[in-house]
Every structure is written in structure tokens, then in C-alpha cells.
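The values are calculated or read from the model by the stated rules, or taken from the named source; none is laboratory data. Computed from a predicted structure; not experimentally measured. Here the Cβ is made from the backbone with ideal geometry for all residues, glycine too, and neighbour counts use every protein chain on show.
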Amino acid sequence: MGQLKTDGRAVDVTWPAGIITFGDLYSVNGWNGIAMKTLAAADTVRTGAMETSSERIWYVKIPAALAAARGAYLYWANGAGVFQRGDTDLVAAAATAGDAPVALVEEAVDANDYCGIRVLNVGPVAA
């Protein structure tokens with residue numbers, strides 16, 4: 001008999017050194033998601049949840065140069081598999097052929113560089 005373990009909307013990750021901000025978009029351990037707590041640079045306990053579900057829409061800060069329109073896909077600047085931040089490392093086109101999109105823009109970017117996104121976690125796409 002099977003049993004539900006979790007609703008699957010979040011995973012626990014080990015955050016790298018530095019400041020992690022609740023509500024920001026990150027790439028950690030192969031997952032794309034939203035930090036569910038804030039960590040200071042001096043914090044020694046670096047584990048915490050990251051929401052990976054595409055069911056909810058989050059307002060996140062994106063790089064100022066990125067003109068994200070509704071319906072656009074966003075990608076990581078350095079490809080998949082490395083730690084990246086949504087406010088500095090998002091781009092409008094895949095860094096490498098086959099890179100999967102990180103987010104779908106649900107609300108266009110505003111004057112303060114925030115936009116509404118849906119987090120995506122899909123495998124590599126055909127090149």
C-alpha cells in the first residue's frame with residue numbers, strides 16, 4: 001500500500017555560503033526554486049526548504065537589463081547545475097543548446113525590476 005510522503009511543492013537543500021533571501025529565486029543542487037527562509041552570511045546551519053512547484057506565482061527581482069514580457073521564458077546565465085540567483089543570473093535565451101527554462105513570466109517586469117513568475121523544473125530540452 002502506498003502512502004503520501006509530501007505534497008511535493010518544496011525540497012530541502014543545503015544553501016551555499018552567503019546571504020539567502022526569503023522569496024528570491026535560486027538554483028541549488030539541480031533544483032530551481034524560491035527560498036523559504038532568509039539566511040545571513042554568518043549562519044552556520046545552511047539547510048532549508050526551497051519551493052520548486054510551478055503551481056504558484058511569485059514576484060521576484062530580475063536583472064535590470066532583462067525586459068521580461070508576459071509569456072517569456074527565462075534561463076540561467078551559466079547553464080544548469082551551479083548555484084545561481086534570480087536577481088543577477090537570469091537571461092532571456094538559453095546559455096547552451098538544450099538548457100531548459102527556469103521560469104515562465106506571468107506578469108511583465110515593472111519599473112523596479114520585479115516580475116511575476118512561475119518556477120519551472122524540467123529536464124534538458126532537445127537541442
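Do we find that R56 is closer than 22 Å to D110 by Cβ, modelled with pLDDT under 95 and not aliphatic (A, V, I, L, M) in this structure?
yes
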Q) Are there any pairs with C-beta distances below 8 angstrom linking a residue in segment 67-87 that is in contact (Cβ under 8 Å) with a residue 60 or more places away in the chain to a residue that is aromatic (F, W, Y), with the two at least 6 apart or on different chains, and if so which? A) F83/Y26; R85/Y26; G86/Y26
Q: Return the total of residues in segment 29-80 being within 12 Å of the chain's Cα centre (by Cα) and loosely packed, with under 11 Cβ neighbours inside 10 Å.
A: 0
Q. So which residues in segment 1-28 are in a loop (DSSP other than H, G, I, E, B), touching a residue at least 60 places away in the same chain (Cβ under 8 Å) and surrounded by 15 or more Cβ atoms within 10 Å (Cβ to Cβ)?
A. D24
Q) Pick from V102, V109: which is under 11 Å from the mean Cα position of the chain (by Cα) and surrounded by 16 or more Cβ atoms within 10 Å (Cβ to Cβ)? A) V102
Q) How about segment 88-113: which of its residues are in contact (Cβ under 8 Å) with a residue 60 or more places away in the chain and among the hydrophobic types (A, V, I, L, M, F, W, C)? A) L90, V102, A103
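Would you please name the residue that is farthest from E55 (Cα to Cα), looking only at residues in segment 93-122 that are assigned to a strand (DSSP E or B) and in contact with a Gly (Cβ under 9 Å, 6 or more places away or on another chain)? I'd like the intermediate steps shown before the answer.
We begin by selecting, within segment 93-122, every residue assigned to a strand (DSSP E or B); these are 103-107, 114-119.
Cutting the leftovers down to in contact with a Gly (Cβ under 9 Å, 6 or more places away or on another chain) gives us 103-107, 117, 119.
Details: A103: 12, L104: 11, V105: 13, E106: 12, E107: 15, I117: 10, V119: 8 Å.
Looking at residues that are assigned to a strand (DSSP E or B) and in contact with a Gly (Cβ under 9 Å, 6 or more places away or on another chain), I get E107.
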